[in-house]
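The values are calculated or read from the model by the stated rules, or taken from the named source; none is laboratory data. None of the values given here were measured: they were computed from a predicted structure. Positions of Cβ are backbone-derived with ideal geometry, glycine not excepted, and every protein chain shown enters the neighbour counts. SASA here: full protein model, heavy atoms, side chains in, ligands and nucleic acids out. Shrake-Rupley method; radii C 1.70, N 1.55, O 1.52, S 1.80 Å.
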Amino acid sequence: MTSKYVPREIETKWQDKWAADHLYEVSEDDERPKYYALTMYPYPSGDLHIGHWYAMAPSDVRARFKRMQGFNVMHPMGFDAFGLPAENAAIKHGIHPYKWTMANIERMRSQLRTMGAIYDWTREVVSCQPEYYRWTQWFFLKLYEAGLAYRGAAAVNWCPQCQTVLANEQVIGEGECERCGAMVTKRELEQWFFRITKYAEELLDFSKIDWPERIRTIQTNWIGRSEGAEVSFGLEHPGVEQKEIRVFTTRPDTIGGVTFFLLSPEHPLVSKLTTPEHRDEVEEYIQWCRRQADYERTALGREKTGVFLGSYVINRFTNESVPIWITDYVLSTYGTGAVMGVPAHDERDFEFATKFGLPIRTVIAPPDWTGEQLEAAYVGDGTLVNSGELDGLPAAEGVNAACAIAERDGWGKASVAYRIRDWLISRQRYWGAPIPMVYCDRCGVVPVPEADLPVLLPSDAEFKPTGESPLKYCDSFVNTVCPSCGGPAKRETDTMDTFMCSNWYFLRFTSPGVDHAPFDMDKLNYWMPVDLYTGGAEHAVLHLLYSRFFVKALRDVGLLQFDEPFTRLFNQGIIGYGGGKMSKSKGNVVAPDKYVSELGADAVRAYLMFVGPWNLGGEWSDSGIVGFSRWFNRVWKLCESQYSPGPVDEATVREVLHATHKTIKAVTEDIEEFRFNTMLARLMEFTNVLGPVLEAGNVSADTWNEAIRVLLLLIAPTGPHIAEELWMRRGYEYSIHNQLWPAFDESLAREEEITVAIQVNGKLRDKLVVPAGISEEEVRTLALASDRVRSHTDGKTIRKVIYVPGRIISIVVS
């Protein structure tokens, strides 16, 4: 009688032994080639749910597989512990964010251990711990020293519910906060920024990384590179020293068609250029615009609004005076916050000019145009007219010609502009890394000395949101001494965007115990860059873009020797339940604990990989996971049952050898390409082959034992506990996870082939060499597609097709 498979007993046993033996701890003193496999570290929101497992279990399978292939695999885990959710939960429950966060981490850590992953827990990092954010602050200082961090006034995205500023990348959909969904408004504040725009061109270069096309496209569009010209319009206005306003345009060829000039309501020149008789109307309009979200202001189909300032600029190409207006559809965050209005050839400008009765001058003649007024903006190709020395040129040539004229005459030049704005990192919340700067009336803005880091979050601060940083009201934190002159000073009270912490956690994993530096350079250079990074595509223009910028910035300040953080990126899909995305806010999360207790972690791991292609996601089903529990019981029976060999059947031997090597090949290829669902299907097919052999006993004991040995090795990454237990029970050397991945013999893995003759009206016309297991429908399709056969069937009626399996297919035509 075979022993009984009891997952909860064997899984705890092996997890404890692996930990006691330090089986998955790695070092740099290893002859094997390194492989750094990393899954995006989780936010400690409370209990793990199946959505977390869906991101982590398949990536663990891939890491285990690479380890068995002979790599020195580091697969660490940590917690992205700062951020709004902890602070909001603390406010809701009346508990300090640190206490709430650390309790969640303790709970999630214990749940993660039940997964049986190969995480090296000695490398754990927790971003809210002072020993971690000390270096987050240190990096800020390094960027500040390099001129990559600066403070400036800006109209910023403001979430009224979260009571904090949001980066552009955190405003989603139709202008909503990506955290809480509230509509985002605007505020004018002094903020800290990182100069990510300096790296815009380099961030468009993906040649050194293997990333999904979707992510590359999203980042490319977000960076928004545009070629065109920077054009200067003359300015002569009483009391204004500035003598020009520059705009970027992708259509310098239409410069002759400018009939008005637009500024964003937030543009710093608006108040200076507003004449007294227009001031009340302008100020009222500006206040109205501040209540609008960017999405609303730029929405297609929205009625155009605007106000004339009473002043003018000079079009230096035509020497005409052009009226200056402000309008909500020009944003201060895009380009220069100024736009030249060419209503004849821009749909928005056409609507604006039509509403306010402004001139519409055609400068690109449509085909067969005879000088009549356009009834709509013409945005197609044509010939330049009403454009001075550009007249007669095709519009396509006019771009370069206009740039040449602008450069010759000193009012412009060819240029490149980017949609991306500098990264705003200031947050008016408590639960984040304090920005290490102080303000002194005598010395101005002064960085905190490195020796004084970390600037600690005060434990006694009131962290309820007021629209200003809670740290502002904590006297013990705010009041300090100027590092430069020793006089009284005030600390910066904003904290850093939590994405600042995730900018570099993958670097810290390489040497988390170092206390004199953020990382040990030798260890960093051994492990970096990350070979495989897995996680959600929702971070395309947040973490995934920020971390690329950060690595390039640290390279330029001399701290790193590589250009990209993650060589290969793979994005998993979303696991759903009840027809929707699994989410705590929707109340449809599935907790893994009861399934682990009843059916085993191996069954949960396997089922999650079987629900669908990992990059597409799938739907959780209670009945589906039961099926994998049954399959593991069948595997247990195959391995634990006494095999009693009888007379050997050579055909069965060939079938088992073929199935063994075919499965090795297929499983290897499937795991390499993240096809975990088909990988499991191959393994189930293999056990279906072995089941009848166990009953019949018609292969030798050696053939049987080798097939079972291979089965366990192939199962090991997916079901690490059951594989380890059965490996031990069969007397093999501990541990199965230290064994090399099995190799396959191509000649044995290859499908057996047969030759099928093709007759047309009784005469041999061709032969097919096909796999032995091919279906009749597949043979028919191949036969009818044969060129030799088609020369005898094209234009004729196929009356009958007769197939004699494995021998001949006969086609009758007339």
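Things to note:
- Residue check, Gly618 touching a residue at least 24 places away in the same chain (Cβ under 8 Å), over 33 Å from the mean Cα position of the chain (by Cα) and outside any helix (DSSP H, G or I): no
- When we screen Arg107, Arg64 for residues that are over 14 Å from Tyr533 (Cα atoms), of a type in the set (D, E, K, R) and crowded, with 22+ Cβ neighbours inside 10 Å, the only hit is Arg64.
- Counting only helices (runs of 4 or more DSSP H) that fall entirely inside the range 728-814 and contain at least 1 residues that are more than 29 Å from Ile664 (Cβ to Cβ), the qualifying elements are 776-785, 787-793.
- Qualifying residues in the range 666-714 (those that are open to solvent by less than 10 Å² (accessible area, probe 1.4 Å) and without any contact (Cβ under 8 Å) to a residue 40 or more places away in the chain) - the one nearest to Ser641 (Cα to Cα): Phe686
- Restricting the first member to the range 296-324 and to residues that are more than 24 Å from Asp391 (Cα to Cα), and the second to residues that are open to solvent by 60 Å² or more (accessible area, probe 1.4 Å) and among the hydroxyl-bearing types (Ser, Thr, Tyr), the beta-carbon pairs closer than 7 Å and six or more apart or on different chains are Tyr312/Ser321; Pro323/Tyr312; Ile324/Tyr312.
- Residue match in the range 238-245 (condition: within 42 Å of the chain's Cα centre (by Cα) and either surrounded by 13 or more Cβ atoms within 10 Å (Cβ to Cβ) or farther than 24 Å from Glu351 by Cα (or both)): yes
- Within the range 80-104, the set of residues being β-branched (Val, Ile, Thr), modelled with pLDDT of 85 or more and either over 21 Å from Tyr505 (Cα atoms) or touching an Asp or Glu at 6+ places or on another chain (Cβ under 9 Å) (or both) comprises just one member, Ile95.
- Residue in the range 124-143 that is part of a helix (DSSP H, G or I), more than 21 Å from Thr101 (Cα to Cα) and either hydroxyl-bearing (Ser, Thr, Tyr) or at pLDDT below 85 (or both) present: no
- Among the residues of the range 645-656, those that are of a type outside the set (D, E, K, R), surrounded by 11 or more Cβ atoms within 10 Å (Cβ to Cβ) and either within 53 Å of the chain's Cα centre (by Cα) or modelled with pLDDT under 95 (or both) comprise Thr652, Val653, Val656.
- Selected residue [surrounded by 14 or more Cβ atoms within 10 Å (Cβ to Cβ), hydrophobic (A, V, I, L, M, F, W, C) and more than 41 Å from the chain's Cα centre (by Cα)] from Val282, Val231: Val282
- Flag for Val604 being modelled with pLDDT of 95 or more, under 29 Å from Ser700 (Cα atoms) and part of a helix (DSSP H, G or I): no
- Top-ranked residue in the range 473-498 [being outside any helix (DSSP H, G or I) and among the charged types (D, E, K, R); ranked as nearest to Ala86 (Cα to Cα)]: Asp497
- A search for C-beta distances below 8 Å between a residue of the range 46-72 that is within 30 Å of Thr101 (Cα to Cα) and any residue that is of a type in the set (Val, Ile, Thr) and assigned to a helix (DSSP H, G or I), counting only pairs 6+ apart in sequence or on different chains, returns Ile50/Val604; Trp53/Val604; Ala57/Val604; Val61/Ile671; Arg62/Ile671.
- Taking the range 286-338 as the range and being among the basic types (Lys, Arg), within 23 Å of Pro160 (Cα to Cα) and open to solvent by less than 50 Å² (accessible area, probe 1.4 Å) as the test, only Arg297 passes.
- Scan of the range 246-258 for residues that are open to solvent by less than 60 Å² (accessible area, probe 1.4 Å) and under 35 Å from the mean Cα position of the chain (by Cα), ordered by number: Val247, Phe248, Thr249
- Positions within the range 183-212 being assigned to a loop (DSSP other than H, G, I, E, B), open to solvent by 20 Å² or more (accessible area, probe 1.4 Å) and either under 29 Å from Lys142 (Cα atoms) or among the small types (Gly, Ala, Ser) (or both), in sequence order: Arg195, Leu204, Asp205, Phe206, Ser207, Lys208
- Matching entry among Pro717, Pro771 (being modelled with pLDDT under 90 and surrounded by 11 or more Cβ atoms within 10 Å (Cβ to Cβ)): Pro771
- Spans of helices (runs of 4 or more DSSP H) in the range 499-595 with at least 3 residues more than 20 Å from the chain's Cα centre (by Cα) and within 29 Å of Thr197 (Cα to Cα): 521-527, 543-556
- Members of the range 521-541 that are touching a residue at least 24 places away in the same chain (Cβ under 8 Å), open to solvent by 10 Å² or more (accessible area, probe 1.4 Å) and not β-branched (Val, Ile, Thr): Asp522, Lys523, Asn525, Tyr526, Met528, Pro529, Asp531, Ala537, His539
- Highlighted here are the helices (runs of 4 or more DSSP H) found entirely within the range 274-380 that include at least 2 residues which are in contact with a Gly (Cβ under 7 Å, 6 or more places away or on another chain) and modelled with pLDDT under 95: 294-298.
- Figure legend. Inter-residue proximity from the range 750-766: first residues closer than 13 Å to Ala785 by Cα, second residues assigned to a loop (DSSP other than H, G, I, E, B) and open to solvent by less than 100 Å² (accessible area, probe 1.4 Å), beta-carbon distance below 9 Å, spacing 6+ or different chains. Indicated pairs: Ile758/Ser786; Arg765/Ser786; Asp766/Ser786.
- Boolean, Leu471 is farther than 30 Å from Ala37 by Cβ, crowded, with 23+ Cβ neighbours inside 10 Å, touching a residue at least 40 places away in the same chain (Cβ under 8 Å) and not polar (S, T, N, Q): yes
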